[in-house]
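Novice: Below are the structure tokens for one structure; questions will follow.
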Amino acid sequence: MDKTYREAVADERPELLTFCGAFGILGALVMTFGVLIVQTFAPGHDPIEDTISDLARGDTAWIMDAIFYLNAASLLGLAIAAAHLHLGKWDWSLGIFVLALLALDIVLLGVWDTFYSTEGVDKTSVHTRLATALYPLFLIGPLLMVRGISNAAGVLPRVFIAASILWGITALIYFFGPEAYYGITERIAGATTLIWVLPLSWVFLRRGLARL
């Protein structure tokens, strides 16, 4: 095997980690603040009762689609960074696939939301299945990376476990709670995912900046 090829495979690329880490933070913040801004200007939208996907109707549909796709791309970036800076064993590898599956699921939610606003479409079929798939992914994703992330910072394993527990509880409240509070319970559940995504992004960003 050529020496240059061996070195290229082995080298850690700080610019890749920096970009993916920064992009992970950007995607999470755009999703969070984008929803808050869009719901402010969406006519008749009630954030207590109406879900985030309800914003994917009418004049705000294209904005929500862009937010979904950007968020999905940032999760895919985290999967790339996690594969490049592999901190664990088989469990970390599975966590990488979870991040990639989350990105795929959110993209499909964005695509489906284009049809979600179309008259005559069954709004509970595909959309509900895609939304339900987020539950196990966000539940096991942080747990799979607990052992590996302990190599980066001692406090983060507890943070990741807390992220999984809080998501598990709040998402169940959303799924089985009263419809009159779907909007607020969904937003609270979504906020708990930041407890995993933001620290993971920061680990990659910090590592990349330190190696530049």
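Novice: Beyond 27 Å, how much of the Cα-Cα pair distribution for the chain remains, as a whole percent?
Specialist: Across the chain, Cα pairs with separations above 27 Å total 33 percent.
Novice: Using a Gaussian network model of the chain whose springs link C-alpha atoms within less than 10 Å, name the residue from THR193, THR18, THR40 with the highest mean-square fluctuation.
Specialist: Of THR193, THR18, THR40, the Gaussian network model singles out THR40 as fluctuating most.
Novice: For a quick check: sort GLU15, GLU179, GLU49, GLU186 by the number of other beta carbons within 10 angstrom, fewest at the front.
Specialist: On the way: GLU15 11, GLU179 8, GLU49 14, GLU186 24.
Ranked by crowding around the Cβ, least crowded first: GLU179, GLU15, GLU49, GLU186.
Novice: What is the distance, in nm, between label points placed 7 Å from the Cα along the Cα-to-Cβ direction at ILE140 and at ALA162?
Specialist: Taking the simple label geometry, ILE140 and ALA162 are separated by 2.5 nm.
Novice: Okay, next question. How much net charge surrounds PRO14 when only the other residues with a Cβ under 10 Å from the Cβ of PRO14 are counted, with Lys and Arg +1 and Asp and Glu -1?
Specialist: On the way: positive: ARG13, ARG207, ARG211; negative: ASP11, GLU12, GLU15.
Charge balance near PRO14 sits at 0.
Novice: Using a 10 Å cut-off around each Cβ, can you sort TRP90, TRP112 from fewest to most neighbouring Cβ atoms?
Specialist: So the residues, fewest neighbours to most, are TRP90, TRP112.
Novice: Another question, if that's okay. Going by how many other Cβ atoms sit within 10 Å of their own, how do MET145, MET64 line up, fewest first?
Specialist: If I rank by nearby Cβ atoms, fewest first, I get MET64, MET145.
Read-outs: derived from the displayed coordinates by stated rules, not from any lab. From a predicted model like this one, the values you see are computed outputs, not experimental measurements. Positions of Cβ are backbone-derived with ideal geometry, glycine not excepted, and every protein chain shown enters the neighbour counts.
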